[in-house]
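Values in this text are rule-based calculations from the coordinates and carry no lab data. No experiment lies behind these values; they were computed from the predicted model shown. We place every Cβ from the backbone using ideal geometry, glycine too, and count neighbours over all the protein chains shown.
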Amino acid sequence: MRKFLSLLFLFLITTIQAQAPKKLTASEIYHEIEKLNFLGSVLYLAAHPDDENTRLISYFSNQVNARTAYLSLTRGDGGQNLIGPQIREELGVIRTQELLAARRIDGGQQFFTRANDFGYSKTPEETLQIWDKEEVLSDVVWIIRKFQPDVIINRFDHRTPGSTHGHHTSSAILSVKAFDLADDNAAFPEQLQFTNTFQPKRLFFNTSPWFYGSQEAFEEASKEKFLQFDTGVYFPLKGLSNPEIASLSRSQHRSQGFGSTGSRGSQMEYLEFLKGDMPPAKDDIFAGIDTSWNRIEGGAEIGEILTKVQENYDFTNPAASIPKLVEAYQLIKELKNAHWRKIKLEQITNIIAASAGLYLEAVAQAPAATPSETVPVSFEAINRSNFTMVLKNVELSPNNSSLQPNAVLENNKGWNANLNLNIPAESKTTSPYWLKKEGTVGMYKVEDRQLIGLPEMPNYTKATFSINFKGVTIPFSKEVVYKYNDNVYGETYRSFEIVPPVSVAFDEQVMIFDNAEKRQISVKLTSGKDDVAGELSLASAKDWKIEPASANFSIPKKGGTAIINFSITPPADESEAVIVPQASINSNTFSKEVVHIDYEHIPYQTLILPSKLKVAKLNIKTRGQNIAYIEGAGDVVPESLEQIGYKITKIGPAQISAALLENFDAVVMGIRAYNVQEELAYKQNILLDYVEYGGTLIVQYNTNRGLVTGNIAPYNLQLSRDRVTDEFAEVRFLAPEHPLLNSPNKITKADFKNWVQERGLYFPDSWSDEFTPVLSMNDQGEQPKDGSLLVANYGEGYYIYTGISFFRQFPAGVPGAFKLFANMISIGK
């Protein structure tokens, strides 16, 4: 079920190199010096990955040279995935990495709150109730206090609740509140042991004609409180326009299909002033704010030095700037302002290394290790400049081993050494920090305050190279990485990770029983180190019989596997349970699975998640057997249908032919198939002929924008954006005697209990009389939506369109969803 799984970097670095060390060109070094000389910060704020305006982020980062960050309240966990089967938490990890890939291109930083994207919400009231308003507000205040933005820009309007996604409006509402609270000692005082209060200067709303409904309405609106500026600037040092950079950034949101074509020329952006002090100039958000080194005590002398560095910069010999950069480094170390001291020390340290062509690396000889394990680490240090320096010390962290080479690093003469990294016994495993504790529908649980807001788990396994520059010693910290040679991509990097001694994984996540016969389940154990041995058992409810009670396993080599089979016998009556594996090794119990996510455009990801198997005994009946599944945007519906006895054949659009379809009792279209499979435009007549001659065609939801054909049904059928987001919404039977609700399974109101995230989405809102609407449902306060399940006779067969979110219910093992889908396949048989 899990077949999982960087970055087309701005300057043509191959995608597989997403975690490779960044090597700056002379022009990029100069741009970093420009940023070093600017002391101003902007925070852009919205709800989801892809909500951000990459043109503005790139503009402020690359044209204004400001520290620019995007705060996405969620990680996009509740959306759909166009590139694979991952949903929920795993999709959130993918979208987190896509945002980081975007920021590597546009120059911004990335933050998140603990808010869980629970799916579409129609009102901010619902959103803030599910999210826990005070907790998310505290996170926004925390990030403002830590990042200290001079300016905050909201993507959405806090004054228009109900006009857009509830998450969108909520992000703006919380931003407006946080703007006032961040400087209040009485607001979230527990944060002040780690940070200080801070008052941003200005708050804006990033408005546009879209928010006014039309260009005409926007032109007529008062611009008295508007700032406007042209973001279509061209950067000669990059050879790209700002919109071109922005489109490269936005195109990293591949799981949402947001590929963007670059553009050139003028592009105006508008900011509506909301709070703080109005800038005296309407084309500069920093007007009236001192963004020079003069804004902090002791900064004037640093500014003078760095201005000379910038004025005298030699593009053919960046190392000529090192003496003055080192001088500025010493002064920055003495700054009283801890906030800017930390930021500017990191910036200038990176600039010094880049100016010297200094390459520092610590490579582990294995991609992962377990607590208490020892791993060899290889070091490399090389100075590629005429500025001679001395490598004084190399220290591995956790602080357990070091070297004192005192090696002179002359131009282009490398230094290499090896050292063992001893992983402490108490080391925590590497996994997204927000997934380590079970949260709620609306909130992730994070116990370590210092982690809140960070995009990913910090890598605590590091090597620190202490290098002396003619009397001044500067530490350079590098993460320990794993590197290997790929036969296709060449030098390839991955993060070095800490994993448990054993990973325990079921070969299925959901198992549906349609009778009382026992079935076999396989459990795969993967060793994280050499010589792992123990006992495996499965824990479950008492009415489920599991044999054997336990089994011994032994895996001699790290990375080796063992497969243990168990038989599971369900109870006679309908029942649901969760089965948890328990691998006992030396009195310690392990029950988590190491999951890998591997996509070309993001770094390789490792998650350590609770391993569990949802089992359900259903008194379910099926008719028909052979089903063709035409894949769409990615789901696990085919595998789920196999669970209840269907034989599934996946076919691509190019394979569709009348002769082939004759072999199937029904054809099922994957979610959004008519949005992503362009060839269906040329195959639709064949599919409709199949129905006319007696087949059953089931079409799952598609969006109403971007359809490859306007002829998705044999009769008039108009898709809308109607959806029912409340998974507990009442479901009413419009055609209680219809076969879809009665044959071969009797569907009752009880079958719509325990659904997850939503009832459905993108329902049709207009259809011809040939269709029979079967179900009616609606969110609170809305008119009934009757288009969730439509069926029509066409010739001798049946055409069914459904916006019901089966793709979410099947992975969650919702019994009623299986029964209803079985009835859809069985119609007419």
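Sort the following peptides by mean Cβ neighbour count (other Cβ atoms within 10 Å, averaged over residues), highest first: 586-596, 167-177.
167-177, 586-596
Whole-Hz Karplus ³J(HN,Hα) for the stretch 313-325, in order, using 6.51 cos²θ - 1.76 cosθ + 1.60 and θ = phi - 60°, x for Gly and Pro?
Using θ = phi - 60°, the values come out as 4, 9, 5, 8, 8, x, 4, 5, 7, 4, x, 6, 5 Hz.
Give, as ranges by residue number, the residues of the stretch 471-501 whose backbone N falls under 18 Å from the point 7 Å along Cα→Cβ of T561.
500-501
Among P49, M669, T291, whose Cα projects farthest towards the positive end of the dipole of the chain, with charges put on the beta-carbon of Lys, Arg (+1) and Asp, Glu (-1)?
T291
In µm²/s, what is D for the stretch 502-617 at 37 °C and 0.692 mPa s, where D = kT/(6 pi eta Rh) by Stokes-Einstein and Rh is the Kirkwood radius from Cα pairs?
Reported coefficient: 218 µm²/s.
Binning every alpha carbon pair distance of the stretch 288-363 at 10 Å from zero, what are the percents per bin?
18, 49, 26, 6, 0
Residues of the stretch 520-548 with backbone nitrogen within less than 15 Å of a virtual label 7 Å along the Cα-to-Cβ line of D507, please, listed as ranges.
Residues 520-526 fall inside that zone.
Taking only the alpha-carbon atoms of the stretch 610-672, what semi-axes of the equivalent ellipsoid follow from 5 times the gyration tensor eigenvalues under a square root, in whole Å, largest first?
Taking √(5λ) for each eigenvalue gives 25, 16, 8 Å, largest first.
Cβ under 14 Å from G795's Cβ, G795 left aside: what net charge do those residues give with Lys, Arg +1 and Asp, Glu -1? Intermediate values should be presented prior to the final figure.
Details: positive: none; negative: D689, E692, E770, E796.
In short, -4.
Before rounding to the nearest 500, sum -39500 (n - 2.57) across all DSSP H runs of length at least 4 in the chain and divide by the residue total; then give [θ] at 222 nm in deg cm²/dmol.
-6500 deg cm²/dmol, from helical runs alone.
Which of G265, Q129, N116 sits farthest toward the positive end of the charge dipole of the stretch 41-291, with +1 on the Cβ of Lys and Arg and -1 on the Cβ of Asp and Glu?
Value: G265.
Debye sum, Cα scatterers, the stretch 110-259, no solvent: what log₁₀ I/I(0) at q = 0.21 1/Å?
Results for the stretch 110-259 at q = 0.21 Å⁻¹ read -1.34.
Taking 0.36 nm per residue of separation and subtracting the Cα-Cα distance, what length does fully extending N185 through K437 add?
Using 0.36 nm per residue and subtracting the Cα-Cα distance, I get 87.8 nm.
Please say if the stretch 529-682 is rounded, prolate or oblate, where rounded means a/c under 1.5 for a ≥ b ≥ c the square roots of the C-alpha gyration tensor eigenvalues, and otherwise the choice is prolate for a/b larger than b/c and oblate otherwise?
It is oblate, given that a/c is not under 1.5 and a/b is not larger than b/c.
When the Cα atoms of the stretch 62-127 are enclosed in a convex hull and the volume is divided per residue, what value in Å³ results?
Cα convex hull per residue, to the nearest whole number: 114 Å³.
What FRET efficiency do you get for E327 and N588 if R0 is 51 Å and r is their Cβ-Cβ distance, rounded to the nearest 0.05?
So the FRET efficiency works out to roughly 0.40.
Along Cα→Cβ, 7 Å out, is where each label goes; now give me the distance between the ones at S292 and S208 in nm to one decimal.
In this crude spin-label approximation the distance works out to 3.6 nm.
Taking the Cα atoms of the stretch 15-156, report the difference between the largest and smallest coordinate on each principal axis, in whole Å and largest first.
The Cα atoms of the stretch 15-156 stretch 49, 36, 22 Å along their principal axes.
Can you give me the orientation-averaged projected area of the convex hull built on the Cα atoms of the stretch 41-291, in nm²?
Numbers: hull surface 54.8 nm².
Value for the stretch 41-291: 13.7 nm².
Grab the Cα-Cα distance for F38 and Q365, subtract it from 0.36 nm times how many residues apart they are, and report the gain in nm with one decimal.
Stretched out fully, the F38 to Q365 stretch lengthens by 113.7 nm.
Dipole magnitude of the chain about its Cα centre, charges +1 at Lys/Arg Cβ and -1 at Asp/Glu Cβ only, in debye to the nearest 20? Write out the running numbers ahead of the final one.
Values: 81 positive and 97 negative charges, 332 e Å.
Around 1600 debye, computed over the chain.
What pairs in K35/K177; K333/K470; K542/K621; K647/K819; K462/K529; K133/K614 have C-alpha atoms more than 23 Å from each other? If you can, show how the numbers build up before the last one.
Details: K35/K177 30 Å; K333/K470 17 Å; K542/K621 26 Å; K647/K819 16 Å; K462/K529 21 Å; K133/K614 32 Å.
Violating the 23 Å Cα-Cα cut-off are K35/K177; K542/K621; K133/K614.
Tell me whether the stretch 385-474 comes out rounded, prolate or oblate; compute the Cα gyration tensor, take square roots of the eigenvalues as a ≥ b ≥ c, and use a/c under 1.5 as the rounded threshold. It would help to have the intermediate numbers written out before the result.
On the way: a/c = 3.73, a/b = 2.44, b/c = 1.53.
Verdict is prolate for the stretch 385-474.
Over the alpha-carbon set of the stretch 633-734, divide Rg by the Kirkwood Rh and report the Rg/Rh ratio to two decimals.
Values: Rg = 14.8 Å, Rh = 15.2 Å.
My calculation puts Rg/Rh at 0.98.
So for L43, L536, fewest C-beta neighbours within 10 Å to most, what's the order?
Exposure proxy ranking, most exposed first: L536, L43.
Would you kindly state how much longer the chain becomes between N619 and E447 on full extension, computed as 0.36 nm times their sequence separation minus their alpha carbon distance, in nm to one decimal?
Between N619 and E447, full extension yields 57.6 nm more.
Determine, for E297, E600, E456, the number of other Cβ atoms within 10 Å of each Cβ, and report the residues in order from fewest to most. Walk me through the numbers before you get to the answer.
Values: E297 9, E600 15, E456 18.
Lowest to highest Cβ neighbour count: E297, E600, E456.
So, in nm, how far is label N754 from label L192 when the simple model puts each one 7 Å beyond its Cα toward the Cβ?
Result: 4.8 nm between the two label points.
No solvent, one uniform scatterer per C-alpha: report log10 I(q)/I(0) for the stretch 697-820 via the Debye equation at q = 0.13 1/Å, two decimals.
Here log10 of I(q) over I(0) equals -0.49.
Order the peptides 397-409, 679-691 from the highest to the lowest mean number of other Cβ atoms within 10 Å of their residues. Before the final figure, lay out the partial values.
Working: 397-409: 14.8, 679-691: 18.2.
Top of the packing list down: 679-691, 397-409.
Taking R0 as 30 Å, what FRET efficiency do you get between S720 and E220 from their Cβ-Cβ distance, rounded to the nearest 0.05?
With R0 = 30 Å, the Cβ-Cβ based efficiency is 0.55.
Could you point to the residue in Q809, P21, Q330 farthest towards the positive end of the chain's charge dipole, with +1 and -1 charges on the Cβ of Lys/Arg and Asp/Glu respectively?
Q330
Among E219, E737, E782, which comes first, second and so on when ranked by fewest other beta-carbon atoms within 10 Å? Walk me through the intermediate numbers first.
Values: E219 10, E737 7, E782 13.
Going from least to most buried by this count: E737, E219, E782.
So how far apart, in nm, are the two label points at A551 and Q129 if each is 7 Å from Cα heading toward Cβ?
4.8
Note down the relative contact order for the stretch 298-452 as a percent, whole number, built from C-alpha pairs under 8 angstrom at least six residues apart.
On the way: 223 pairs, mean separation 25.7, N = 155.
Relative CO of the stretch 298-452 lands at 17 percent.
With +1 on the Cβ of every Lys and Arg and -1 on the Cβ of every Asp and Glu, and nothing else charged, how large is the dipole of the stretch 41-291 about its Cα centre, in debye rounded to the nearest 20?
Values: 25 positive and 33 negative charges, 119 e Å.
That gives a dipole near 580 debye.
To check you understand DSSP bridge types, tell me what percent of the beta bridges within the chain (both residues inside) are antiparallel, rounded to 5.
Here the antiparallel bridges make up roughly 70 percent for the chain.
Which whole-angstrom value gives the distance between the alpha carbon centres of the stretch 30-98 and the stretch 414-453?
Rounded to whole Å, the Cα centres lie 22 Å apart.
K647 label point, 7 Å along Cα→Cβ, cut-off 17 Å on backbone N: hits in the stretch 777-813?
none
So what's the net charge close to D530: Lys and Arg +1, Asp and Glu -1, counting the other residues with Cβ under 13 Å from its Cβ?
Summing Lys/Arg as +1 and Asp/Glu as -1 gives +1.
Quick check: the distance between the Cα centres of the stretch 632-674 and the stretch 502-568, to the nearest angstrom?
First find each Cα centre; the distance between them is then 30 Å.
How big is Rg to Rh over the chain, alpha-carbon atoms, Rh as the Kirkwood inverse-mean-distance radius?
Ratio of gyration radius to Kirkwood radius for the chain: 0.99.
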